[in-house]
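Colleague: Pasting a structure below so you can have a look.
The values are calculated or read from the model by the stated rules, or taken from the named source; none is laboratory data. In this text, all values refer to a predicted model and were calculated from it rather than measured experimentally. Using ideal geometry, Cβ is built from the backbone for each residue, glycine included, and neighbour counts are taken over all protein chains shown.
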Amino acid sequence: MYTAALLFSALLFGGMVLYSFGFAAFLLTTLPTDVARASIRRAFPHFYLFVLVVAGLSALLLWPFDRVSALLMAAIAMTVIPTRQLLMPAINRATDEGQVARFKNFTACL
């Protein structure tokens, strides 16, 4: 079970890196900007679901062996929910309404 937990953790890390530096970068460099952005926007909900499921499974598998690591994985899984349900729609709405500067100001405060 511990080996499975480590494999899920590696899958999570690899998936996040591949999506961020591979998939998104590939789309933005090969497709017209509007098509690439629309494709990425459609893919993000699935990406967040992937992170939620894999981090959650990893947390469950780690629990009997390493409670600290399990809690960290659970925290990763839980942070995806408000990001997917609240932050992502707010970013999309700001972009659609042409309020990109407002979003940039908000992220500068973080």
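Colleague: Taking only pairs six or more apart or across chains, which ones have beta-carbon atoms under 6 Å, a first residue in the range 1-30 that is more than 15 Å from Phe44 (Cβ to Cβ), and a second residue that is at pLDDT 90 or above and not in a helix (DSSP H, G or I)?
Modeller: Taking only residues 6 or more apart or on different chains, the pairs are Tyr2/Phe65.
Colleague: State the number of residues belonging to the range 73-100 that are more than 18 Å from Ile40 (Cα to Cα) and surrounded by 11 or more Cβ atoms within 10 Å (Cβ to Cβ).
Modeller: Going through the range 73-100 one residue at a time, the tally reaches 9.
Residues are listed down the side, and each one gets a yes or a no for (1) crowded, with 17+ Cβ neighbours inside 10 Å; (2) in contact with a Pro (Cβ under 7 Å, 6 or more places away or on another chain); (3) part of a helix (DSSP H, G or I):
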position	(1), (2), (3)
Leu6	no, no, yes
Gly15	no, no, yes
Phe23	no, no, yes
Asp34	no, no, yes
Leu49	no, no, yes
Leu57	yes, no, yes
Phe65	no, no, no
Leu71	no, no, yes
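Colleague: I've got another one for you. Going through the range 30-51 one residue at a time, which ones are more than 17 Å from the chain's Cα centre (by Cα) and at pLDDT 90 or above?
Modeller: Across the range 30-51, the qualifying residues are Thr30, Leu31, Pro32, Val35.
Colleague: Additional query: Hey, does the range 85-101 have a residue that's modelled with pLDDT of 95 or more, part of a helix (DSSP H, G or I) and among the β-branched types (Val, Ile, Thr)?
Modeller: no
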